[in-house]
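What follows is a single structure, written as structure tokens, with notes after it.
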Amino acid sequence: MKVELRNIQTIRLAVADPARRRHGDDNFRFFCETYFADIFYLPWSEDQLRTIGKIEWAVRVGGLVALAMRRGSGKTSLCSAAALWAILTGRHKFVYLICATADRARAMLELIKTEFDCNTALLGGFPQSMMEWHKEKAILPTVPGILLGALHARAEGKSIHPTLVICDGSQPAPDGGAKEVC
């Protein structure tokens, strides 16, 4: 029985549209529009396009980027999409996604889990993305990655640290709303 289970894990699933997948691997905006069309369905603003460019740069080459956007402009959606793009394209093995509170982090993880459970475009483009879910982290067995947790021990016992850190709404206002300064 154990041998059969091992053989199942080595099966490679076919990508539904390899050309679309390659384009999505190379272009964060295209990745968002293609694999998360239900979320990113409105035309992009100039600010959002600049933000997408900065996120893409940070994921590709590293560095520090601080972004501020108005409430409701897509920060959280872009942050979670960036974490997935970084992991699914193999650019980062361990992404640390930070939210303002533990409850928000758990909610974001649930949203990501829902995408993997229900998003047929995402599963068609990244069929290897069946995740192992834990209370506060998610692991892709064929594309090593993790979404939440400060330290992770791999199966062979080696500890790894985040190669990309994404912070979404790091400090909520005391009343729960964001303060705007004009």
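Taking (1) over 26 Å from H161 (Cα atoms); (2) in contact with a strand residue (DSSP E or B) (Cβ under 8 Å, 6 or more places away or on another chain) in turn, R50 satisfies each apart from (2). Look at P172 and say whether it is modelled with pLDDT under 75, surrounded by 14 or more Cβ atoms within 10 Å (Cβ to Cβ), closer than 28 Å to R71 by Cβ and not polar (S, T, N, Q). Judged against the criteria, P172 is a match.
The values are calculated or read from the model by the stated rules, or taken from the named source; none is laboratory data. Note that the structure is predicted; figures quoted are calculated from it, not measured. Every residue, glycine among them, receives a Cβ derived from its backbone with ideal geometry; neighbour counts consider all protein chains shown.
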